[in-house]
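Reading through the structure tokens given below for one structure.
Taken together, the values in this text are just the output of simple stated rules run on the coordinates, not laboratory data. In this text the structure is predicted, and so the values were computed from the model without any measurement. Positions of Cβ are backbone-derived with ideal geometry, glycine not excepted, and every protein chain shown enters the neighbour counts.
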Amino acid sequence: MTDVLVTTEPSTDAIIGYLVYRVLPDFVEILDVRIHPAHRRLGCALALIQHLISKAQSIEREALCLEVSTSNSPAQALYRQLGFATVGRRKSYYPDGSDALLMDLKFSP
Ligand SMILES: CC(C)(COP(=O)(O)OP(=O)(O)OC[C@H]1O[C@@H](n2cnc3c(N)ncnc32)[C@H](O)[C@@H]1OP(=O)(O)O)[C@@H](O)C(=O)NCCC(=O)NCCS
């Protein structure tokens, strides 16, 4: 099942960011997370992913996983801050030639 979480600007209710994910039998995969440039570094992405972590735990999935480009250092910093670890790499995966890092966050039993 693919689904989306959104975050909104409190005064206008305008959507300023989203997180697309899918629930698989053992884990939840983050497919995309994006925050409007004017609203970055305010904790919006962190809050969306923390919400998804709670949801994944509540439905008894073992982990969150995702892939991120080696050229995307802001996203890598975000995921590392949340405790994600690199568990694999796909060479030259993206159109710009960068590798994909496979990252996951395993939950304690
Ligand atoms: C990556 C992205 C989602 C981060 O969203 P955000 O709401 O600005 O992130 P947050 O404010 O929640 O940041 C949380 C932490 O992530 C890290 N981080 C986020 N952006 C960063 C940046 N530009 N440089 C360094 N660290 C960064 C920091 O550790 C930050 O904590 P801090 O602000 O206390 O230092 C956003 O930059 C974005 O939409 N980028 C374009 C789309 C994209 O690359 N998505 C990821 C696809 S895999």
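Close amide H partners of residue 93, meaning residues 5 or more places away or on another chain with modelled amide H under 5 Å apart, are 99, 100. Other residues with beta-carbon under 9 Å from the beta-carbon of residue 102 carry, at +1 per Lys or Arg and -1 per Asp or Glu, a net charge of 0. Residues 107, 27, 84, arranged from fewest to most other Cβ atoms within 10 angstrom of their Cβ, appear as 107, 27, 84. Entry note, the chain: the mean residue ellipticity at 222 nm calculated from DSSP H runs of n ≥ 4, each adding -39500 (n - 2.57), is -7000 deg cm²/dmol after division by the residues and rounding to the nearest 500. Measuring nothing but alpha carbons in the chain and taking Rh as the Kirkwood radius, the Rg to Rh ratio lands at 0.97.
Do you know the relative contact order of the chain, to the nearest whole percent, from alpha carbon pairs under 8 angstrom that are 6+ apart?
20 percent
Summing charges over all other residues whose Cβ lies under 15 Å from the Cβ of residue 71, with Lys and Arg as +1 and Asp and Glu as -1, gives 0. Please list, by residue number, everything in segment 61-79 whose backbone N is under 19 Å from a paramagnetic label point 7 Å out along Cα→Cβ of residue 91. Correct set: 68-71. Inter-part distance, segment 1-56 to segment 69-88, computed on C-alpha centroids, equals 16 Å. Between residue 46 and residue 12, the modelled label-to-label distance comes to 2.4 nm, taking each label 7 Å out from Cα in the direction of the beta carbon.
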